[in-house]
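Okay, structure first, notes after.
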Amino acid sequence: MVAGGIAIASSVQLATTLEGRYVQFSYYDTVVRGTDREDGLLIVQFLKGMVGEIFSFLNYYKEIPVSYDARLVSMENDMAEFEVHEYQAKVITFEKKVLIRSHSKSPVPEDLVGDVFYVNVARKKVILSRFHYARIRSDLRRFVRVRLDGQRSDVDIYCDEEIIPAAIRDISLGGVALQLSAPSGPLEEGKEVNLILKLKAPDDQLLSEIGVAATVVKIVSAEPSTYCILEFHAERHSQQSLAYYINQRQVEIIRELKELAA
């Protein structure tokens, strides 16, 4: 964890919902203990007895986890008002949901997810509603993952006799999420391929080309694009080059978040 609550981690899974032209990545699994309504009532009842207590919030900004403490200020009906960190408030305006790690006083082990009803960055206030149980799986990530800007990050996929161009959505030392501009063709889950990653670091005008072998893990078709998740089999040299690039991009994202939250 760095920058006082901006955490570093990686590895997400594809969901089939869309956000604009991008596939929405999910960081948790929904858990239903009774029914949705029963779970919501139990969570609200629990929160009413927790006014004044501190909870741990989790959101993501360009795949960088942002996690700070938040104090429950009040409960009115099913609306919970929290006092939050300024960075958390800013990210919440983008995500419209908040992950809440399981509290030590909770009668159940599950984490929580709440929908954002209201957020005020200047006052560092957020009101959440429509709670349900969840299991945060993104805490299990093994690598730093960063989202890239499309204009400076693309890749050639060498598969059988074809070269398939793609744009990098996000990347870690363990793998990459790609956006294909055309149908996946010979690509299929389990396929072994070679990649040439073309990366431009924030402080460098030149493209770095990194070759790496990979396995196709998942393919999701979502008009007008197809998305592909690959796992790397990187050698030491390519790992060093990837680590340098990812570290620079990570610093850039954290700086951007701070400027947005100022």
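The values are calculated or read from the model by the stated rules, or taken from the named source; none is laboratory data. Treat the numbers as computed from the prediction; the structure is a model and nothing was measured. In this analysis, Cβ positions are derived from the backbone assuming ideal geometry, glycine residues included, and neighbour counts consider all displayed protein chains.
Counting residues that are among the hydroxyl-bearing types (Ser, Thr, Tyr) and assigned by TED's automatic domain parsing to the domain that holds residue 109, which strands (runs of 3 or more DSSP E) fully inside region 36-76 reach at least 1? Give the steps one after another, and end with the answer.
Values: elements: 54-61, 64-66, 69-76.
Answer list for region 36-76: 54-61, 69-76.
Do we have residue 95 as closer than 30 Å to residue 175 by Cβ and charged (D, E, K, R) here? So residue 95 fits the description; yes.
Scanning region 2-59 for residues that are among the aromatic types (Phe, Trp, Tyr) and modelled with pLDDT of 50 or more turns up 27, 28, 46, 55, 57. The strands (runs of 3 or more DSSP E) found wholly in region 121-186 and carrying at least 3 residues that are within 30 Å of residue 73 (Cβ to Cβ) and either among the hydrophobic types (A, V, I, L, M, F, W, C) or at pLDDT 90 or above (or both) occupy 125-136.
Is it the case, given these coordinates, that residue 157 is in the same structural domain as residue 231 (by TED's automatic domain parsing), within 19 Å of the chain's Cα centre (by Cα), surrounded by 21 or more Cβ atoms within 10 Å (Cβ to Cβ) and not charged (D, E, K, R)? Break it down stepwise before answering.
Working: in the same structural domain as residue 231 (by TED's automatic domain parsing): yes; within 19 Å of the chain's Cα centre (by Cα): no; surrounded by 21 or more Cβ atoms within 10 Å (Cβ to Cβ): yes; not charged (D, E, K, R): yes.
No.
Flag: residue 101 does not match the condition of being under 17 Å from the mean Cα position of the chain (by Cα), closer than 30 Å to residue 198 by Cβ and touching a residue at least 12 places away in the same chain (Cβ under 8 Å). Whenever a residue of region 206-220 is under 18 Å from residue 180 (Cα atoms), its partners that are acidic (Asp, Glu) and not in a strand (DSSP E or B), lying with C-beta atoms within less than 6 angstrom and at least six residues away or across chains, give the pairs 216/189. Kindly indicate whether residue 113 is in contact (Cβ under 8 Å) with a residue 60 or more places away in the chain, farther than 18 Å from residue 82 by Cβ and of a type outside the set (Lys, Arg). Judged against the criteria, residue 113 is not a match. Looking only at residues in region 232-262 that are within 29 Å of residue 185 (Cα to Cα) and loosely packed, with under 14 Cβ neighbours inside 10 Å, which one is farthest from the chain's Cα centre (by Cα)? Taking the candidates together, the pick is 235.
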